1. Can you tell me which of A:S266, A:S250, A:S212, A:S232 is under 28 Å from A:Q157 (Cα atoms) and among the small types (G, A, S)?
2. Say whether the condition of being closer than 22 Å to B:P135 by Cα, within 14 Å of chain A (Cβ to nearest Cβ) and assigned to a helix (DSSP H, G or I) is met by at least one residue in segment B:156-168.
3. Would you tally the residues in segment A:238-265 being touching a strand residue (DSSP E or B) at 6+ places or on another chain (Cβ under 8 Å), surrounded by fewer than 17 Cβ atoms within 10 Å (Cβ to Cβ) and more than 14 Å from chain B (Cβ to nearest Cβ)?
4. Select from segment A:114-148 the residues that are among the aliphatic types (A, V, I, L, M), facing another protein chain (nearest Cβ under 7 Å) and assigned to a loop (DSSP other than H, G, I, E, B) and list them in ascending order.
5. Of all residues being in a strand (DSSP E or B) and under 17 Å from the mean Cα position of the chain (by Cα) in segment B:30-47, which is farthest from B:R67 (Cα to Cα)? Just the residue, please.
6. List the number of the failed condition for A:Q190; all other conditions in (1) crowded, with 19+ Cβ neighbours inside 10 Å; (2) within 24 Å of A:N45 (Cβ to Cβ); (3) at pLDDT 95 or above; (4) not aromatic (F, W, Y) hold.
7. Can you tell me which condition A:A300 does not meet? The list is (1) touching a residue at least 40 places away in the same chain (Cβ under 8 Å); (2) touching a helix residue (DSSP H, G or I) at 6+ places or on another chain (Cβ under 9 Å); (3) assigned to a helix (DSSP H, G or I), and all the others hold.
8. Answer with yes or no whether A:R174 is free of Cβ contacts under 8 Å to residues at least 12 places away in the same chain, charged (D, E, K, R), over 30 Å from A:A265 (Cα atoms) and outside any helix (DSSP H, G or I).
2 protein chains.
Amino acid sequence: MQWDRARVLVTGGAGFLGSNLCLALAARGAKVAALDGFLFGGGANPANLEGSDVTLVREDIREVDLRTLCEGADVIFNLAAQTSHMGGQRDPLADIAVNAVAQVRLIQAAREAAPNAVVVHASTRQFYGRPIRLPVDETHPVAPPDANGVSKFAGEQYWMIEHRTAGRPVVSLRLTNCYGPRLRIRDARQTFLGIWIRCVLEGRPFEVWGGSQLRDMTYVDDVTDAFLRAASTPECYGHVYNLGGAPPASLTEIAEMTVAACPGASFTTREFPQDRAAIDIGSYHADDTAFRAATGWNAATPLAEGIARTLEWYRPRLAAYL
Amino acid sequence: MQWDRARVLVTGGAGFLGSNLCLALAARGAKVAALDGFLFGGGANPANLEGSDVTLVREDIREVDLRTLCEGADVIFNLAAQTSHMGGQRDPLADIAVNAVAQVRLIQAAREAAPNAVVVHASTRQFYGRPIRLPVDETHPVAPPDANGVSKFAGEQYWMIEHRTAGRPVVSLRLTNCYGPRLRIRDARQTFLGIWIRCVLEGRPFEVWGGSQLRDMTYVDDVTDAFLRAASTPECYGHVYNLGGAPPASLTEIAEMTVAACPGASFTTREFPQDRAAIDIGSYHADDTAFRAATGWNAATPLAEGIARTLEWYRPRLAAYL
């Protein structure tokens, strides 16, 4: 893919992963439009795109004229979503409206206004549910543990059907826990590491819920690299891929690395809360052999280094993210 | 389950399977309310419930006050759906509105108005996609071939999550091609056998598309029996089950049985149409060992007998179904 002067639409473009991707695209000379509805409790932050050449379209994907938005796009990176698991349980109607119904509308709009655009869709490991084997490859059974898993699987599958029935080049990347600069750190809505970072930088102990669960955290620069490679690799079109990250570490180990990166930091451990236990997936790590083989991608950033870089990035910017 | 005087809600109750179930429940003394929106192109027919004690609520599940409707129900048989595969492809927004969004609303309404009701949900083999092995058991991968498969899987999964997070007794039955009295025979929208029956009774040859695809057809009385047993078997709660039918037969064999049941009938064979080939699932037959073991159920009606009974049933009633 030639990114210089490419016309790129990034939905969810003011969010954590979306904004990092927008900035990387703009740095490569692409003309980038970022759609973001700044959903309450979501990952969008005006600070994420400040001072960049990215055109921010501050509209809700459920209401915006998607046809006009898609017009002339060469590539669509589709990251707009309701991503909170507890949020989906509390308001499953809003969750399905964004994650599935709006996807159907986007597919129809793109069919009319950008029939040849490559689409890279941000999907999730969430709908595998509690893994029946580790690591989890793409043939692992789909068993959504919560409303958010249901809607995200539906949204992905609509895109894959569009590939099969209309020939659209589509790649879906099933992400695991991602972290790094521009993550929502105000609370635990985006990932547990967000609130840990906030606590550490505010000089307070953070809480680890449970502790033995394994996670393969992906640093955001590696996620961005994966999105760019997916769009640029025709061999990937029509496929879904798991993306993993650093070697699996327990939440306790991740907490210890976080403490090690910041003198004076500390944490406490508590039992996993009851209302979340019902939808908890336990340990997860991905088998991402297929995507690595197709693209040469690699989750290059070691976890300890990624955590240290993230803390350094937030230190002078903390106020904008609270 | 004590059916005498039980308060039962059947969504999609004026449709093919729904009306047969309503009549069986009424015959057992249940107080039955049938919700049906008479969707254009759907299976509902006013003739299906004529002369019965079933209370017909002629409202769209997307708009009706579901809370009032659920009030006091002991059992909810949930059959309302957009079931046409081509219909889902043509209007995926209407398809997801009925099959997934309305299900979320029904779940919320039932939580308030009928917190203890047993729910039996009508699901489908459709979302297994083109089988990677035969027969298909419940662990077969989910790979929806079309929009209808996406929305039906989402709807089922919302109900199963309601079981896991709220304790609701829920059983989901994944149906294969069903046939028998009260099937939509005006066209091929409900199943291929519908239009065959119409042609035969009108003295015209019917068309077989393809011919080698295997199907395990379930006669409607056996489907009704399965729904009643599912509601009555606490061991089933929280589970999804495949329902099969008669031993697998090819479309050509089914066509030959249909001709044999009606002197003078005939058929022609044509290639599978292009627009349907993209979402075709090829051969299918279910492994329904789990449901049989749990309930003692059995698809008792031989195919040739079921076809003959269906033709006999329609012969004096043809006008009401065209």
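1. Details: A:S266 fails: under 28 Å from A:Q157 (Cα atoms); A:S250 fails: under 28 Å from A:Q157 (Cα atoms); A:S212 fails: under 28 Å from A:Q157 (Cα atoms).
Going through A:S266, A:S250, A:S212, A:S232 in turn, just one is under 28 Å from A:Q157 (Cα atoms) and among the small types (G, A, S): A:S232.
2. Going residue by residue through segment B:156-168, those that are closer than 22 Å to B:P135 by Cα are B:156.
Remaining after also requiring within 14 Å of chain A (Cβ to nearest Cβ): B:156.
Next, only the ones that are assigned to a helix (DSSP H, G or I) stay: B:156.
Taking every residue of segment B:156-168 in turn, at least one turns out to be closer than 22 Å to B:P135 by Cα, within 14 Å of chain A (Cβ to nearest Cβ) and assigned to a helix (DSSP H, G or I).
3. Of the residues in segment A:238-265, 2 are touching a strand residue (DSSP E or B) at 6+ places or on another chain (Cβ under 8 Å), surrounded by fewer than 17 Cβ atoms within 10 Å (Cβ to Cβ) and more than 14 Å from chain B (Cβ to nearest Cβ).
4. Pass one, segment A:114-148, residues among the aliphatic types (A, V, I, L, M): A:114, A:117-120, A:122, A:132, A:134, A:136, A:142-143, A:147.
With facing another protein chain (nearest Cβ under 7 Å) added as a condition, the list becomes A:142, A:147.
Within segment A:114-148, A:V142 is the sole residue that qualifies.
5. We begin by selecting, within segment B:30-47, every residue in a strand (DSSP E or B); these are B:31-35.
When the remaining residues are screened for being under 17 Å from the mean Cα position of the chain (by Cα), the result is B:34-35.
On the way: B:A34: 15, B:L35: 13 Å.
Result: B:A34.
6. (3)
7. Of the numbered conditions (1) touching a residue at least 40 places away in the same chain (Cβ under 8 Å); (2) touching a helix residue (DSSP H, G or I) at 6+ places or on another chain (Cβ under 9 Å); (3) assigned to a helix (DSSP H, G or I), the odd one out for A:A300 is (3).
8. On the way: free of Cβ contacts under 8 Å to residues at least 12 places away in the same chain: no; charged (D, E, K, R): yes; over 30 Å from A:A265 (Cα atoms): yes; outside any helix (DSSP H, G or I): yes.
Taking the combined requirement at face value, the residue does not satisfy it.
The values are calculated or read from the model by the stated rules, or taken from the named source; none is laboratory data. Keep in mind that this is a model prediction, so the values were computed, not measured. Please note: Cβ atoms are built from the backbone with ideal geometry, for glycine as well, and neighbour counts cover all protein chains shown.
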